[in-house]
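The values are calculated or read from the model by the stated rules, or taken from the named source; none is laboratory data. Everything numeric here is computed off the predicted structure, so don't read it as measured data. Glycine also receives a Cβ, built like all others from the backbone with ideal geometry; neighbour counts cover every protein chain displayed. The area values use the complete protein model at the heavy-atom level, side chains included, leaving out ligands, DNA and RNA. Shrake-Rupley method; radii C 1.70, N 1.55, O 1.52, S 1.80 Å.
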Amino acid sequence: MALIVQKYGGTSVANPERIRKVAERVARFRAQGHDLVVVVSAMSGETDKLIKLAREVQPVPDPRELDVLVSTGEQATIALLSMALIQMGIPARSYTGAQVRILTDGAHTKARILSIDEQRMRTDLSAGRVVVVAGFQGVTEQGDITTLGRGGSDTTGVALAAALGADECQIYTDVDGVYTTDPRIVPEARRLDTITFEEMLEMASLGSKVLQIRSVEFAGKYKVKLRVLSSFEDKNDGTLITFEDNPSMEQPIISGIAFNRDEAKLSLLGVPDRPGIAFSILDPVGQAHVDVDMIIQNIGVDGSTDFSFTVHRNEYQKTLDLLNNTIKPQCGAREVRGDNHICKVSLVGVGMRSHAGVASLMFKTLFEEGINIQMISTSEIKISVVIDEKYMELAVRALHKAFGLDGATSPTKG
Ligand code: ASP
Ligand code: MG
């Protein structure tokens, strides 16, 4: 008998029929003798609908009020799931984030969880009840409703699993696990039985949408056993996120390819090459609350250099204006350039630590497809390149093939 936290995403609770299906799965686990805490998202599309509604009333919605509004999506689904369970004869109780005191800081629309009071849930569990908790929401010390950022129900699930010391946290979604890359782009993409926590963290931060990145961070911090599986079919065990440091010899060097079109590139050309220049460019950007991702500075020639960086595409215009109006005159650069039609493609794999030649195979593959690389950044277990967005799908497909992720046998297995 185990304590299991199950989280169901929006598509899994999209209508009464699917909610009943969720209740049936919960019932099956309970019949096996497990204790269950179930976290649900809002019905798919509901959060978007509420945000749109808010914008129609106030173009830039007040963050506190926006949280009050969007948290209603999850409040509806917890009640409906509990009703479905009760209808099946299974005692169940729903709770909002505030009711189980998922205490957060006050950063509305992107709050962080500080603590959770599991007492009430434990009481229900020992009385044989299924506990159903609203994902995505919490409450501040002052009693204000907060939300955890888009996709935040994953984080609720993992945080509850951590607080309760659950044996496993199962994230049920509309795909049956974590894939080598997005199957919509590469039909040959394969489901991974396991992926290491570090790889999952990279995949989530580099554009894989399977799990909210904060949930992965949480799982790492509290060593929560986390599994991603399909809520529509039970044909496999999904993908288990492991904490193994030494993957088996059979493990391919690359586990996955992530990509995103969320970024834009900005360059300052002809910047005087002297101490403090990077600071003088990026400090005002940071002051404007713009997060910078990749950064490249060329070697200086004749006392000047070029400096490029990427930001979220939503911040492109703001950053471009800042560069033109403030930073360029201040630091004496010659020219500002920007490009918001780029994409970032990344290879992720812990096998890179012990294998040379990953970068060169990546660059060779892109070269053979005639794709120009604009920026490169690496870490111990990932290599990212920035390329023209129109080549994104081509690049991902070619790399998936070149690194042997398409088929069973791989030329790059260790
Ligand atoms: N309903 C929220 C969203 O759409 C939270 C979630 O589903 O995880 O972002
Ligand atoms: Mg999600």
Checklist outcome for this item: Surpassing 22 Å at the alpha-carbon level, of the pairs K225/K401; K235/K401; K344/K390; K318/K390, are K225/K401; K235/K401; K318/K390
Checklist entry - Which value, in Å², gives the accessible area per residue of the chain when a 1.4 Å probe is used on the protein heavy atoms? => result 46 Å²
Checklist entry - Can you pull the percent of the stretch 275-414's accessible area that's carbon plus sulfur, 1.4 Å probe, other chains left in place? => result 50 percent
Item to check | In the stretch 299-402, the trypsin sites (Lys or Arg not before Pro) that fall in loop regions by DSSP, at most 14 other Cβ within 10 Å | outcome: R334
Item to check | Calculated [θ] (222 nm, deg cm²/dmol) that DSSP helices of n ≥ 4 give over the chain, each run adding -39,500 (n - 2.57) | outcome: -10000 deg cm²/dmol
Item to check | Cα pair distances of the chain binned at 10 Å [whole percent] | outcome: 5, 20, 26, 25, 17, 6, 2, 0
Checklist outcome for this item: If every Lys and Arg gets +1 and every Asp and Glu gets -1 at its Cβ, then about the Cα centre the chain yields a dipole, in debye to the nearest 20, of 660 debye
Checklist outcome for this item: The lysines whose Cα lies under 26 Å from the Cα of K49, excluding any fewer than 8 residues away in the same chain, are K7, K21, K110, K209
Item to check | the stretch 54-154, accessible surface, carbon-and-sulfur percent (1.4 angstrom probe) | outcome: 53 percent
Item to check | Tilt relative to the chain, helix 16-31 - C-alpha long axis, 0 to 90 degrees, to 10 | outcome: 70 degrees
Checklist outcome for this item: Protection proxy (average C-beta count within 10 Å per residue), highest first, orders 213-219, 35-41, 289-295 as 35-41, 213-219, 289-295
Checklist outcome for this item: At R0 = 35 Å the Cβ-Cβ FRET efficiency linking Y222 and S379, nearest 0.05, sits at 0.90
Item to check | Centre separation in Å (Cα based) which lies between the stretch 40-77 and the stretch 102-133 | outcome: 21 Å
Item to check | Angle between the chain longest axis and helix 197-206 axis [Cα atoms, degrees, rounded to 10] | outcome: 60 degrees
Item to check | Cβ-based charge dipole, the chain, positive-most Cα from N324, L268, H400 | outcome: H400
Checklist outcome for this item: Subtracting the Cα-Cα distance of R313 and A76 from 0.36 nm times their residue separation yields 82.0 nm
Checklist entry - What does the accessible area of H34 come to, in Å² to the nearest 10, when a probe of 1.4 Å is used? => result 40 Å²
Next on the checklist: Just to be sure I follow: if Rg is taken over the C-alpha atoms of the stretch 163-252 and Rh is the Kirkwood radius over the same atoms, what is Rg/Rh?
Outcome noted: 0.95
Checklist outcome for this item: Given a Förster distance of 41 Å, the FRET efficiency implied by the Cβ-Cβ spacing of L269 and K49, rounded to the nearest 0.05, works out to 0.40
Item to check | R120/H289 FRET efficiency (R0 35 Å; Cβ-Cβ; nearest 0.05) | outcome: 0.40
Item to check | V301-N340 pseudo-label distance in nm [points 7 Å out on the Cα-to-Cβ vector] | outcome: 3.1 nm
Checklist entry - Roughly speaking, to the nearest percent, how much of the stretch 169-239's 1.4 Å accessible area is carbon and sulfur? => result 49 percent
Checklist outcome for this item: Relative to the chain, whose Cα atoms define the longest principal axis, helix 46-57 and its Cα axis are tilted in degrees, nearest 10, by 70 degrees
